[in-house]
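Colleague: Sharing a structure, written as structure tokens. Questions coming.
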Amino acid sequence: GNIEYVNPRFTQVTGYTLAEVQGQNPRILKSGEQSKEFYKDLWDTILEGKIWKGEFHNKKKNGDLFWESGHISPITDEKGSVTHIIAVKEDITEKKKMLSELISSKESAERSNRLKDAFIANISHEIRTPLNGILGMTNIIREMLSPHIAKDDEIFFEGIEISSKRIIRTIDMI
């Protein structure tokens, strides 16, 4: 399980040179944020001759944390015994950061949408309630005064009714 070779990209990502890690165990990269069970599953999979795929939250030489996606494959001899292990990894720190920001933005948009819906429902209620009161009272006054209302004055009651219904349609469209 000790490191025999790393490519130049490993040095760029981690800050460790080949000379610094050669002969070292890969645990020098451990951040301490992943459980023993995580590593047990990794090693059990590899030692069974299977490919392990997953993500690591590792630590660079300078102490900064970074995310890696890894495919770790066992290399076996003719008897099927694991002789070496090869790991192909990709720094996915920026991808994880963008995904986190995307999720945060989505949650914020959903929260804004819920607030908008609540606001519109509240405004609708606050406008409809007094408007229905105005329409109801106007109809009562119209009925009470109907024998005394001139035909020319009937247009005022119709104007109130038409305008009120227009406001209700506008609220419905909103």
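Colleague: Check the range 103-118 and report whether any residue there is closer than 25 Å to W67 by Cα and open to solvent by 100 Å² or more (accessible area, probe 1.4 Å).
Modeller: Checked against the condition, which is being closer than 25 Å to W67 by Cα and open to solvent by 100 Å² or more (accessible area, probe 1.4 Å), the range 103-118 yields at least one hit.
Colleague: For the range 136-166, enumerate the residues that are modelled with pLDDT under 90 and closer than 28 Å to K116 by Cα.
Modeller: Those that are modelled with pLDDT under 90 and closer than 28 Å to K116 by Cα: S164, K165.
The values are calculated or read from the model by the stated rules, or taken from the named source; none is laboratory data. All values reported here derive from a predicted model rather than from experimental measurement. With ligands, DNA and RNA removed, areas are computed over all heavy atoms of the protein, side chains included. Shrake-Rupley method; radii C 1.70, N 1.55, O 1.52, S 1.80 Å.
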